[in-house]
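Since the structure comes first, as structure tokens, the remarks are kept for the end.
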Amino acid sequence: MYDMILKGGTCATPSGIFKTDVAIKDGKVAHIGDLSADQAEQVMDVTGLHVLPGVIDSQVHFREPGLEHKEDLSTGTAGAALGGVTAVFEMPNTKPSTITAQDMADKCRRAKNRVWTDIAFFIGAAAENVENLAMLERQQGVSGVKIFMGSSTGSLLVRDDATLASVLASGNRRVAVHCEDEDRLEERFELVKDGAHVSMHSVWRDEQTAFLATQRLLRIAKGVKRRVHVLHVTTAEEMELLPQYKDIATVECTPQHLTLNDEAYHTIGSRAQMNPPIRAQRHVDALWQAINQGVVDCIGSDHAPHTLEEKSKDYPASPAGMTGVQTLVPIMLNHVNNGKLSLERFVDLTSAGPSRIYNVAAKGRIAKGYDADFTIVDLKAERTITDNWIASRSGWTPYDGMKVKGWPMSTIIRGNVVMHEGELIGDPVGEAVRFAEVL
Ligand code: DOR
């Protein structure tokens, strides 16, 4: 007797995508195969739907503590579950920044009984916690260390080579890095400081700003023998460099950098403003080439909400960042339907990839003994993404009005159906993600 059977769906397993039933017992995958003669407390008919391993969004900013007017752990994870995401890794640029064991314990405490998806938190790297990073990164519930090489929202910054080298030399797990060169950002700020059109965002924070930081990171990481994960890569030039560093560096792309180009500054204004910036089409094309050549290891949303009121300030006072956790799955499935990537590659980038990068325990594939996390999608469903649908406290999306094909129908986390046909179900059952490096 199983707890649940997913019946009649097309299932994305490590052995391929095929029609099969899946049984769940005690929150784990118990059997994959024909279960027509078996019994379960609950049988979900998923005929006509695709059963994918739970999508892991390994870059979100949920703003709690300190900035709850933009988002909190409850609204952020509600958006994730509604968008078909089953686990999130949350970033440390909250208020205060997450840089001590106490800050981390506080976030974990806040998450208890309030989050709709499984969750882990990043520790921010700063000059004042370098000594403790090796200890901090091994705490339960920690996805790793995050470095900001260029300043963005919040005060976290690791600017110079010496501090960067000492951060990278402290600890062992893969370090996630935002690569923009702070010196160049400061030098060029005069281009926008007295006010400018928001389209100047990608001129101020240009290709070279991203490339220089990524190049410095790779050189220093190689020198101190530390694995890194280069977040939200945006340029053709970085995508040329990164394949030479596969021994130490993994690569993330965001849906927005694969979907929007610099025309967006003229159509949606500061909604398109984020760091690193949305760029010209030649870069978008290079990112797609990198996706299809295997350079990119995962897709993360960089969900970074700000209120529309904040966004309506005159550039450059308008803050950088856009929502994305709820739209990651539909936007990327739309690309699958448009032939830009295969469903197999989607699964590799959104489940297997994050799991491999961060050494997640028991998540990232549909396999016996793994957590029963599923993103169940209708590849044929056509919907329009609207601000109204967005659960984030900030209540907007850069894709408002966009028609897409491919939609998340149910979200299942360790055997609990937390979202079904657009409704959250039951209570928030999210728990800490486990990592093989912390056990
Ligand atoms: O645009 C961004 N917004 N990029 C970041 O790196 C941070 C984020 C935020 O937290 O607002």
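When both the range 272-338 and the range 65-114 are represented by their alpha-carbon centers, they are found 20 Å apart. Number of Lys-Lys pairs in the range 1-138 with C-alpha atoms under 15 Å apart and a separation of 8 or more places or on different chains: 4. Gain on full extension, evaluated as 0.36 nm per residue between D183 and M402 minus their Cα-Cα distance, stands at 75.1 nm. The 3J(HN,Hα) values that the Karplus relation (6.51, -1.76, 1.60; θ = phi - 60°) gives for the range 304-313 are, in residue order, 9, x, 9, 5, 5, 4, 4, 5, 7, 4 Hz. Gly and Pro appear as x. Mean residue ellipticity at 222 nm, helices only, the chain: -7000 deg cm²/dmol; runs of at least 4 DSSP H residues each add -39,500 (n - 2.57), and the sum is divided by the number of residues.
Convex hull volume of the Cα atoms of the chain, normalised per residue: 122 Å³.
Distance between the 7 Å Cα→Cβ label points at A196 and K380: 4.9 nm.
Note on K246: lysines with a C-alpha under 29 Å away, same-chain residues under 8 apart excluded, are K146, K222, K225, K340, K363. The calculated P(r) of the range 1-121, using every Cα pair and 5 Å bins from 0, goes 2, 11, 18, 16, 14, 10, 10, 9, 7, 2, 0 in percent.
In order along the range 136-147, phi translates into HN-Hα couplings of 5, 5, 9, 6, 4, x, 9, 7, x, 9, 10, 10 Hz, rounded to whole numbers, per the Karplus curve 6.51 cos²θ - 1.76 cosθ + 1.60 with θ = phi - 60° and x for Gly and Pro.
The range 129-205 and the range 25-47 have Cα centres separated by 45 Å.
Quick note on the range 347-387: its Rg to Rh ratio, both from C-alpha atoms and Rh being the Kirkwood radius, is 1.11.
Largest first, the extents of the alpha carbon coordinates of the range 127-188 on the three principal axes equal 40, 22, 18 Å.
Using a simple spin-label model with pseudo-atoms 7 Å out from Cα toward Cβ, Q102 and M1 lie 5.0 nm apart. A cut-off of 5 Å between modelled amide H atoms, ignoring neighbours fewer than 5 places along the same chain, links M322 with A304.
Each label was represented as a point 7 Å from its Cα along the Cα-to-Cβ direction; for V203 and A37 these points are 7.2 nm apart.
No lab work stands behind these numbers, since they all come straight from the coordinates. Predicted model, so just to flag it, every value in this text is computed and none were measured. Using ideal geometry, Cβ is built from the backbone for each residue, glycine included, and neighbour counts are taken over all protein chains shown.
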